[in-house]
1. Suppose a student asked you for the relative contact order of the range 51-136, using Cα pairs under 8 Å spaced at least 6 residues apart; what percent would you report?
2. Hey, how many Å between the Cα centroid of the range 44-67 and the Cα centroid of the range 128-142?
3. Testing the spin-label approximation: label points 7 Å from Cα along Cα→Cβ at residue 283 and residue 213. State their distance in nm.
4. Report the far tail of the P(r) of the range 99-250, meaning the percent of Cα-Cα pairs longer than 19 Å.
5. How would you rank 320, 75, going from fewest to most other Cβ atoms within 10 Å of each one's own Cβ?
6. What length, rounded to one decimal in nm, is gained on full extension from residue 194 through to residue 101, with 0.36 nm per residue of separation minus their alpha-carbon distance?
7. More than 15 angstrom separation, counting every C-alpha pair in the range 199-250; what % is that?
8. Along the principal axes of its C-alpha atoms, what lengths does the range 180-309 span, in descending order and rounded to whole Å?
């Protein structure tokens, strides 16, 4: 077996564009995104066994949470330069953010499921989007959960092992970054721990207890991100097979599905043909606006993180206040002008047509008289008498 491609050297390195595999598309019904990030020398399909002719992560998740989009990201991250090498993690994080931005809906919660290096990449993506490349901040803000499978938060001993074989293996940038207790990894995890509460996310952690080719890749200490209230779960597996459970009854499956389900269920459902919260406010007749406000108040209590409903509720209250203020003003003005019941108003004060014609005729004759237009007529009648 060619472990990590140590003994294979292609004549020319081919381009390896970052890719995103669509495992499930929930369309307009989508209530969440689940994104798989593979590890060192991984593959978006094989690392998670999506192509296997049996149950896999896709079927397990969809059996419990059917209305989710599932993606698996593929990117170049090789252990040795002999088979492609790797991009620095900070650059890779922006690369993957850019890929996801064009595909993901950021108004629904996102959960990352990560193996090994993929977990480090997920943390770096959050850091890059929040502190540096803020054009991706909406995507980072949508992340509500991360599942770590054997992620070396403080480095991997395998990286030191491969680095010792530098002459043979020509270790890649990824191996340099994965060294045990490396300064960059410790700094990244310190950032993650310090900002964890502000990130408004949750984590689930698994780690292996069996050696991989007689080498312990990620030990229990390094697999622990150090988050209060989060206890890493030990698994009878080596590092390679850690993200590949075989049955739905496996603790990795039950815990991960429950974790994702809890996050997705906390978001409001999206129904085909349903008006958005703001559309409901705009379309509501004045006499039904109070009922819409009560509904939105109940919904914001159930889903406090739904910004669309909070904005719609604020708009509805402003609109209702304007309506009630206007109605009260109109009532008061009507009260001021209200006449006693004994007052009999005339049926109409509008002049009739005949009266109008008479007024016009008198006006014309008066003007003609003073202008002397009637003098010939006057003298004619005078001569008769």
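1. Details: 43 pairs, mean separation 20.3, N = 86.
Computed value for the range 51-136: 24 percent relative contact order.
2. Centre-to-centre distance over Cα atoms comes out at 28 Å.
3. If labels sit at residue 283 and residue 213, their model points lie 6.0 nm apart.
4. Working: 6281 of 11476 pairs.
So the pairs more than 19 Å apart make up 55 percent of the total in the range 99-250.
5. Details: 320 17, 75 22.
Ranked by crowding around the Cβ, least crowded first: 320, 75.
6. On the way: separation 93, 0.36 × 93 = 33.48 nm, distance 2.58 nm.
Extra length available between residue 194 and residue 101 comes to 30.9 nm.
7. Working: 671 of 1326 pairs.
In whole percent, the share of Cα-Cα pairs in the range 199-250 beyond 15 Å is 51.
8. Here the spans come out as 73, 37, 22 Å, largest first.
A short reminder: the numbers here are calculations on the coordinates, not readings from a lab. For clarity, every value in this text was computed on a predicted model and none was experimentally measured. Here Cβ is always computed from backbone atoms with ideal geometry, including for glycine, and neighbour counts include all displayed protein chains.
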